């Protein structure tokens, strides 16, 4: 047998072995479970960027602004390292979950949250972040995390609070979330 033929056989055998090893390692990899799928069908209604409790209100949809039990507005302002972060217009409108509107949504990029429900119910700020699919917890916002150099401070009407996603929204509240260098 020639050296070229032997080298070809060794190359093919090596490629087959690499393929078998890769296939076995992919089969042995643990599957990622979603903790935000209400029916455990394997599909998630809210991708994994959201952190925290899975709020039932995040799945409630409104067809219109009529016959509502409550309709109020809170203003949400977010700063990341001193820069005003944008909250997209129409967040919570026309999503894969709701053709119409979620119970919390925006119409413009001002940060004005429209909170509308068919029944009188307390609505937590975490509902909005779940609908928006943005990470928000005491340890960070978006891709920013609290660490030895940065902190996350939340104020409501200029009073510091530590409720974060559990904060109950109310009419006229001015909520500021500030990810910043520690003072």
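The values are calculated or read from the model by the stated rules, or taken from the named source; none is laboratory data. All figures in this text were calculated on a predicted structure; none of them were measured in a lab. Counting neighbours? That spans all protein chains shown, and the Cβs are built from the backbone with ideal geometry, glycine included.
The strands (runs of 3 or more DSSP E) falling completely within the range 97-183 that include 1 or more residues that are crowded, with 19+ Cβ neighbours inside 10 Å and in contact with a strand residue (DSSP E or B) (Cβ under 8 Å, 6 or more places away or on another chain) map to 112-117, 150-156, 174-181.
Taking residue 82 as the residue in question, decide whether it is surrounded by fewer than 10 Cβ atoms within 10 Å (Cβ to Cβ), under 30 Å from residue 151 (Cβ atoms) and modelled with pLDDT of 55 or more. Yes: the conditions hold for residue 82. Residues that are over 15 Å from residue 121 (Cα atoms) and in a strand (DSSP E or B) within the range 63-79 comprise 74, 75, 76, 77, 78, 79, listed in sequence order.
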